[in-house]
Amino acid sequence: FCEHVRQDSRWATLPFIFLTAKSQKADIRQGMGVGADDYLTKPFEMEDLLSAVASRLQRVKSIKAETAQRLASLREDILRKLGHEFRTPLTFIKGYTELLAESISGVGEVERELSLEAIKAGSDRLSALVQDLVFLVGLETGEAAAIYQREKEKLDLVKLARDVLAAAQEAATRQNTALVDDLPLSLPLVVGHSGFLADAMRRILENALKFARSHDSRAVISAEVRTKEVHIDIADNGVGINEDELPHIFDKFYQVNREKLEQRGVGLGLSIVKGIMEMHGGRVEVQSKPGQGSVFTLILPLP
């Protein structure tokens with residue numbers, strides 16, 4: 001029953017206390033292992049039970065207050081930082097749509113195709129931004145974690161990484177960037193959410209393409225087991241990151257040298273990657289040198 005309660009995101013913060021005559025250590029471990037907040041054994045004192053209930057209710061109240069505060073802060077960040085990012089593609093879409101509407105008969109085939117491409121680029125940019133914001137809110141509220149708990153499974157990371165590489169190949173070809181598969185034949189299975197982990201790898205690869213050099217650019221993906229963990233390395237030979245910026249690159253809305261590199265977006269990608277890895281009980285690390293490239297490492301625990 002406790003397991004079923006914990007699988008429903010609506011009840012993610014609902015306190016759950018076992019009150020039972022099962023007092024063996026194995027029973028207690030099992031009860032706590034399925035997600036109980038407390039485990040009381042019979043015989044019991046009424047004061048102990050009431051104290052446990054009051055303590056857990058207070059904890060839920062604190063969690064909800066903290067969540068509300070985080071969301072309020074997130075709303076402020078969104079309103080403050082996203083105005084320009086929303087307006088730019090909307091201006092593209094509106095301008096080219098009006099152009100087509102006002103002179104539909106006088107627009108040549110080339111102009112029409114260019115206008116439609118601009119409209120699609122603007123709508124794609126808006127769509128990606130909205131999806132990032134929705135996912136970020138899911139990470140902040142715990143809804144993404146609830147989805148992870150419901151849908152996690154044993155995964156073949158080599159197959160997953162190769163699928164991500166294949167999906168990125170078209171974009172890499174357009175940018176003359178070589179994607180190099182240096183993955184092993186197999187790795188131990190890990191427990192995870194295939195969609196979330198694929199998204200984390202995709203975002204790192206997209207960064208490698210975004211900051212690629214103008215010539216001889218490449219991104220190499222490799223993986224190995226190191227001390228009961230699987231390490232997935234995505235290395236590039238791009239522009240690299242300054243040492244003083246490395247501690248901040250996983251912060252929400254942080255962008256490396258936006259003005260000089262003329263970046264689009266609002267700096268949510270690496271923050272989302274960090275959230276995904278922490279959801280899996282793992283982490284993400286980076287090593288980088290300006291002019292030499294970067295290595296991002298996604299680290300997952302073995303079951």
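The values are calculated or read from the model by the stated rules, or taken from the named source; none is laboratory data. From a predicted model like this one, the values you see are computed outputs, not experimental measurements. In this analysis, Cβ positions are derived from the backbone assuming ideal geometry, glycine residues included, and neighbour counts consider all displayed protein chains. What goes into the accessible areas is simple: the full protein's heavy atoms, side chains included, and nothing from ligands, DNA or RNA. Shrake-Rupley method; radii C 1.70, N 1.55, O 1.52, S 1.80 Å.
Some notes on this structure:
- Estimated FRET transfer efficiency when R0 is 51 angstrom, pair residue 1-residue 110 (beta carbons, to 0.05): 0.20
- Carbon and sulfur %, accessible surface of the chain computed with the full protein complex present, 1.4 Å: 53 percent
- Bins of 10 Å, starting at 0 and running to the largest distance - Cα pair percent for the chain: 5, 20, 26, 23, 14, 7, 3, 1, 0
- The dipole here belongs to the chain: it is taken about the Cα centre, uses +1 on the Cβ of Lys and Arg and -1 on the Cβ of Asp and Glu, and is about 600 debye.
- Ordering 161-167, 22-28, 187-193 by mean Cβ neighbour count within 10 Å, with the highest value first, yields 187-193, 161-167, 22-28.
- Computed over the chain: relative contact order in percent, which uses C-alpha pairs under 8 Å that are six or more apart: 14 percent
- Cβ-Cβ distance of residue 27 and residue 117, R₀ of 51 Å, FRET efficiency by 1/(1 + (r/R0)^6): the value works out to about 0.20.
- FRET efficiency estimate (nearest 0.05) - Cβ-Cβ, residue 216 to residue 88, R0 35 angstrom: 0.65
- Computed helical MRE - 222 nm, the chain, DSSP H runs ≥ 4 contributing -39500 (n - 2.57), nearest 500: -18000 deg cm²/dmol
- Computed over Cα pairs, the Kirkwood radius of the range 148-303 leads via Stokes-Einstein (1.306 mPa s, 10 °C) to a diffusion coefficient of 100 µm² per second.
- Probe 1.4 Å, accessible area per residue of the chain, Å²: 60 Å²
- For residue 96, solvent-accessible area (1.4 Å; no DNA, RNA or ligand), Å²: 80 Å²
- The slack between residue 245 and residue 292, meaning 0.36 nm per residue of separation minus the straight C-alpha distance, is 15.4 nm.
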